[in-house]
1. Less than 12 Å Cβ to Cβ from VAL382, Lys/Arg counted +1 and Asp/Glu -1: what total charge do the surrounding residues give?
2. Would you kindly state the longest site-free stretch of the chain, with sites defined as chymotrypsin sites (Phe, Trp or Tyr not before Pro) in a DSSP loop (not H, G, I, E, B) surrounded by at most 16 other Cβ atoms within 10 Å?
3. What order do you get for THR260, THR311 when you list them from fewest to most C-beta neighbours inside 10 Å?
4. Tell me, LYS112, LYS8, LYS347, LYS135 in order of fewest to most beta-carbon neighbours within 10 Å?
5. Run the count for region 65-296, please: Lys pairs, Cα-Cα under 23 angstrom, 8 or more apart or on different chains.
6. Mind jotting down the distance between the C-alpha centroids of region 295-326 and region 333-394, whole Å?
7. Could you work out the helix-only [θ] at 222 nm for the chain, with each DSSP H run of four or more residues adding -39,500 (n - 2.57) and the total divided by the number of residues, to the nearest 500 deg cm²/dmol?
8. Looking at region 65-296, what % of its DSSP beta bridges pair antiparallel, to the nearest 5?
Amino acid sequence: MLNNLVEKPQDKILALMDTYKADTRQSKIDLGVGVYKNASGATPIMLAVKAAEKLLWQNQETKSYVGLAGDPAFSNCMIDLVLNGVVSQDKLAAVATPGGTGAVRQALELIKMAGSDTTIWLSNPTWPNHLSIVKYLGMSLAEYRYFNSETGGVDFNGLLDDIKKIPAGDVVLLHGCCHNPTGANLTSEQEDQLIAVLSKNGVIPFVDIAYQGFGDGLENDARFTRKIASQMPECLIAASCSKNFGIYRERTGILIAVTTNTQQRALTQGNLAFLNRQNFSFPPDHGARLVTMILTDKALHKSWIQELEETRLSMINLRQQLANELRQKIGSDRFGFLASHRGMFSKLGISSDLVEKIRTDFGVYMVGDSRINIAGLNLETVPLLANAIAQIIK
Ligand code: LMR
């Protein structure tokens with residue numbers, strides 16, 4: 001039986017982690033997988049998470065099952081964090097999922113159950129795993145333009161032209177904030193224009209929000225998602241706690257469905273619980289419980305906000321430094337967009353040959369599409385990276 005298996009393509013981001021580990025050069029720089037690193041290169045456990053874990057260890061009395069949808073307290077506080085009351089509770093269905101990826105997967109399965117011929121429209125480029133999961137589920141897939149490699153910004157005219165062509169009932173996957181991999185984001189006015197087209201044409205938005213708090217702050221980063229949720233009759237939202245709570249391996253996420261009425265809400269909730277049961281039964285609880293404790297306890301919440309804000313500002317700082325260094329080294333503003341991009345990532349817009357060259361010659365590891373993880377940098381490595389980029393583009 002197992003002989004019949006065919007080899008699967010390796011995820012390019014995860015494959016890069018292995019190649020980086022195997023490189024013995026001291027000077028190597030890891031700008032691959034999206035994990036936050038502080039100035040000393042560590043991915044620390046946030047203070048609020050550590051404190052919540054301690055409290056949990058002291059007070060938790062059972063590890064018995066919770067419920068197929070996870071703990072309702074987790075859903076409630078995550079719905080508050082993402083939507084802040086813009087949609088009434090009686091229209092919202094939600095299930096806890098294993099990470100944001102689990103939420104993406106469950107959302108796509110839900111869409112498939114609701115109509116097997118629905119096409120999923122993805123931004124070009126998008127997080128490679130979006131593409132991979134849609135293909136794996138055998139769903140139809142189409143792309144809309146998103147990025148202008150020349151300017152390093154959003155190709156908004158191209159995007160709007162493509163979005164206008166999407167037929168009613170199809171689903172468009174949008175990044176809530178901090179677009180992965182480009183780092184280029186829509187302005188508030190552009191968001192409004194986009195929503196107006198979706199609304200007019202009856203296209204269903206599916207928002208993946210994995211970096212809330214990493215761009216312009218917790219509230220600003222939720223702006224687009226909140227507008228969509230409050231203005232569109234139906235939408236799906238996959239939210240991740242991996243990055244903003246730094247609990248990557250705990251696999252904590254949520255899938256929220258905005259429905260049109262209470263009857264549809266109940267139907268959707270039942271289907272979501274069914275899907276959880278089929279795929280993994282009960283969702284992981286540890287990370288979700290920590291998040292709930294942090295979001296509902298004043299002191300933990302304050303500590304979390306403070307650390308998250310420090311993390312966010314350190315990334316903005318690194319962005320500015322890198323843009324400045326590059327301006328000095330190459331004598332042009334070609335990479336000025338790095339300072340205005342937001343989130344962990346930026347796409348440099350250099351060719352895959354140059355990505356290969358910078359890896360071979362300088363030990364700089366970035367994803368093949370020239371995505372860099374800004375949080376993989378520090379004050380010492382910024383000039384080294386700027387120098388390496390300046391050398392290879394000469
Ligand atoms: C990334 O894009 O690097 C992260 O979302 C991690 C992952 O799972 O790919």
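1. Neighbourhood net charge equals 0.
2. Longest gap between qualifying sites, sites excluded: 66-279.
3. Working: THR260 11, THR311 20.
Placing the least packed residue first, the sequence is THR260, THR311.
4. LYS8, LYS135, LYS112, LYS347
5. Summing the qualifying lysine pairs gives 13.
6. 21 Å
7. -15000 deg cm²/dmol
8. Around 45 percent antiparallel, to the nearest 5.
Any read-out appearing in this document is the output of simple, stated calculations on the displayed coordinates, not a laboratory observation. What you see is a predicted model, and the numbers here were worked out from it, not measured in a lab. Positions of Cβ are backbone-derived with ideal geometry, glycine not excepted, and every protein chain shown enters the neighbour counts.
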